[in-house]
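No lab work stands behind these numbers, since they all come straight from the coordinates. If you're wondering where the values come from, they're calculated on a predicted model, not measured in any experiment. Glycine also receives a Cβ, built like all others from the backbone with ideal geometry; neighbour counts cover every protein chain displayed.
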Amino acid sequence: MEASVKLFSERGYRHTTTKMIADSAGVNEVTLFRQFGSKEGIVKGIIESRSTGRREVEFVLNQGSTGEIYQDLLAAAKIQYKYIAENINLIVTLVQEHSTGDISQLVAQLPRNGKQILKTYFERMQAEGVMKKIDTEQAALLFLTPNFGLAFLKVVLGDAVTDIAPDKYIEEMVKNFVIEYFI
């Protein structure tokens, strides 16, 4: 998997062949096809293998919840940022080359899953009477998109735009989100 991630990030999806991936991974190309079926199957495998961030966020906001909204959302945001930052080059490469079709739908799973976890959490918070009655999907997107933006800026441009540390930025973002949307 890591060989394909490296090649996709360096060469792009279109310019990476399954032979290149097999050679880089030190396996036979037939082995790749047996395991994944196609180059698209490899992308699907990468996305599925990198879903640990989603499971961690889901745990933090459900079973691992401290009951402290700020602490729970801060932990979730930090996990999301780490996961996004680790995958942003691959995400950007795949989206640039495939703005439509199956690959873009696979890549869209990443933020869609994060959005759904947050939406479910916010619906529960509204039911418990601790969150203002707002559109939970919009709230989930408002919470999620700053992490994508920061990850993109930091990973792609380094400190050229801001030297604010990600942890400090995330703490402030979560604090302001909680002040605005929670009772």
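Numerical summary
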read-out	value
Potential extension, Val155-Thr120 segment - 0.36 nm per residue separation minus Cα distance	9.7 nm
Alpha-carbon centroids, the stretch 130-183 and the stretch 1-34: separation in whole Å	34 Å
Under DSSP loop assignment and at most 14 Cβ neighbours within 10 Å, longest trypsin sites (Lys or Arg not before Pro)-free interval of the chain	15-131
Positive-end residue, the chain charge dipole about Cα centroid, Cβ charges, pick of Gln96, Val174, Ala25	Ala25
Translational D in µm²/s for the stretch 1-96 (Stokes-Einstein at 25 °C, 0.890 mPa s, Kirkwood Rh from C-alpha pairs)	165 µm²/s
Only Lys, Arg (+1) and Asp, Glu (-1) charged, at Cβ; the chain dipole about Cα centre in debye	360 debye
Restricting the stretch 7-77 to GluC sites (Glu not before Pro) in coil, as DSSP defines it, with at most 11 other Cβ within 10 Å	Glu68
MRE, 222 nm, helices only [DSSP H, n ≥ 4, -39500 (n - 2.57), over the chain, to nearest 500]	-25000 deg cm²/dmol
For the chain, built as a Gaussian network whose Cα springs stay under 10 Å, the top-fluctuating residue of Ile42, Ile164, Ile69	Ile164
Descending Cα extents along the principal axes, the chain, whole Å	57, 36, 28
Mean separation of Cα contacts under 8 Å, 6 or more apart, over the residue count of the chain: relative contact order %	23 percent
